[in-house]
Amino acid sequence: MYERTTYHIDPVTGRSLPKKSWQASRELLSSDGRRRRVTGSGRTPDEALARLEANYRAALLGTRPSKGRPRLFTSGSTQTVRDLFVAWDADNRKGRVSLTMAKKYHGYFEHHILPHIGDRPLQRLTTRDLEHLFSDILVSKTYTPKKSKSNPTPQARPMLGGPARRNVYMALSNCLAFGVRRGDLDFSPLAAVRPPSRKTARAPVVELSEKARDLLATLKASNDPDYCRWLFQLLGLRRAERLGLTWSRVHGLNTKSPSITIDRQLARREDVTGWQFKPTKNHGVRVLELSPLFAEALRAHKRRQDRQKKSGDWRPVEGFEDLVFLQPNGGIISLNRDNDDWRALLDRLGIPQYRAHINRHITAVWLADEPDIDIRVVKSI
């Protein structure tokens, strides 16, 4: 964006007179790899940006820009981004999308969009604003986990990874598209903003498998109270399946052939007022035979939990008293809390951070290293 001065001849006096204006520009990479400069001029920076938006959009679509002053929004519109979201949210809750999806969209806007651009008038919302939102603001957001016994000095962490920022992007894109369909906008200013990448760095699973062996050995040697919770990650369980395991799904623990049944997972209710059990991700049922390593750890965990139940601090959530993995006071271990505890554990042991879900892949590596294991056991896991 820059100011420029042009000159024109006064038809009466014949004198050359200066004229101030603003011009905004950006580059467009064409399909043949050549760079093209797209500009927009106006009497004010906002007008120049508006014309740049129209010209850039036309260049993307391969059309000619409309003549005259570009109209991004309906004439005289005083709507803000928040106003448009309220209308879109109401439309979603009428059945346009599932209630779960509508609540996710609402959360994305409430936490990551409205605090930054919610009060921006639609007629002043530009591509530059949205590029700043996704390239700078959301990238720099952090959060600090709550203090816990396993994490007494929590450190600030990035709040949103690439896939999470992409989810926010898609929510805003759908909302602006709703505005276009309703006639509030001529086109979405987000169209020229590149969406965040959904790809994440591929984890070195084979190398991490050795770190996992060291981690479990350290926890077992120190008689860590959470040893069983982390060990069961290496049984191929998803996080919600592990946290949703109940003692009623544990069979023959004190026999020679103990097993567990995985047929449900722990999840938030759709109205976010509490917890519920849901079917597993693939709606299947699988029975896992427990090797001596897992059975011994689970028996020790049950003895510890039985002692905790006799204390005066034991206050479980009604309907979830039978969960295998609970807080020392009987409270539910949420998915977010479990994730924070895992990160704190890696920090405490000096192990490079990696997602807990990678332990499912590490399980596969370990199974591949055991040539004599029964193939039926491998399939069940």
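The values are calculated or read from the model by the stated rules, or taken from the named source; none is laboratory data. Worth saying up front: this structure is predicted, and the values here are computed from it rather than measured. A quick note on method: Cβ atoms are made from the backbone with ideal geometry, for glycine too, and the neighbour counts reach across all protein chains shown. When the accessible area is computed, the model is the full protein with side chains, heavy atoms only, and any ligands, DNA or RNA have been set aside. Shrake-Rupley method; radii C 1.70, N 1.55, O 1.52, S 1.80 Å.
At a glance:
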{"item": "Positive dipole terminus of the chain, leading residue within 162, 142, 92 (C-beta point charges)", "result": "92"}
{"item": "Three-way shape call for region 138-236 based on the alpha-carbon gyration tensor, with the a/c threshold at 1.5", "result": "prolate"}
{"item": "Rounded percent of accessible protein surface that carbon and sulfur make up, region 190-332, 1.4 Å probe", "result": "49 percent"}
{"item": "Area accessible to solvent at residue 97, 1.4 Å probe radius, in Å²", "result": "50 Å²"}
{"item": "Only Lys, Arg (+1) and Asp, Glu (-1) charged, at Cβ; region 247-310 dipole about Cα centre in debye", "result": "300 debye"}
{"item": "Cα convex hull volume per residue for region 253-381 (Å³)", "result": "154 Å³"}
{"item": "Distance from region 139-202 to region 363-381 (C-alpha centre basis), Å", "result": "38 Å"}
{"item": "Over region 101-145: Kirkwood hydrodynamic radius from C-alpha pairwise inverse distances, Å", "result": "11.7 Å"}
{"item": "Across 256/302; 220/302; 146/220; 281/379, pairs whose alpha-carbon gap is larger than 20 Å", "result": "146/220"}
{"item": "Computed magnitude of the charge dipole of region 280-332 (debye, nearest 20; Cβ of K, R +1, Cβ of D, E -1)", "result": "140 debye"}
{"item": "Kirkwood-based Rg to Rh ratio, the chain, C-alpha trace", "result": "1.13"}
{"item": "At R0 = 41 Å, FRET efficiency that the Cβ-Cβ distance of residue 111 and residue 224 yields, to 0.05", "result": "0.75"}
{"item": "Total charge dipole magnitude, region 132-176, about the Cα centre, Cβ charges on Lys, Arg, Asp, Glu only, Debye to nearest 20", "result": "300 debye"}
{"item": "Helical segments meeting 18 Å axial Cα length and Kyte-Doolittle -1.0 threshold in the chain (DSSP H)", "result": "45-61, 162-182, 205-221"}
{"item": "Sorted largest first, extent of region 306-381 alpha carbons per principal axis (Å)", "result": "49, 33, 20"}
{"item": "Positive-end residue, region 285-381 charge dipole about Cα centroid, Cβ charges, pick of 354, 368, 331", "result": "331"}
{"item": "Qualifying trypsin sites (Lys or Arg not before Pro) in region 148-197, DSSP loop, other Cβ atoms within 10 Å at most 16", "result": "149"}
{"item": "Stokes-Einstein D (µm²/s) once Rh is taken as the Kirkwood radius of region 201-249 over alpha-carbon pairs, at 10 °C in 1.306 mPa s", "result": "130 µm²/s"}
{"item": "Neighbour-limited loop hits for trypsin sites (Lys or Arg not before Pro), region 194-296 (at most 14 other Cβ within 10 Å; DSSP other than H, G, I, E, B)", "result": "198, 199, 202, 256, 269, 281"}
{"item": "Carbon + sulfur, % of accessible area of region 86-163 - ligands and nucleic acids excluded, 1.4 Å", "result": "52 percent"}
{"item": "All lysines inside 22 Å of residue 94 as judged from Cα atoms, apart from same-chain residues fewer than 8 positions distant", "result": "103, 104"}
{"item": "Sparse-neighbour loop sites [GluC sites (Glu not before Pro); region 287-347; at most 14 other C-beta within 10 Å; DSSP]", "result": "318, 321"}
{"item": "Cα centroid separation, region 245-288 to region 79-110 (Å)", "result": "32 Å"}
{"item": "Accessible area expressed per residue, the chain, with surrounding protein chains retained (probe 1.4 Å, Å²)", "result": "58 Å²"}
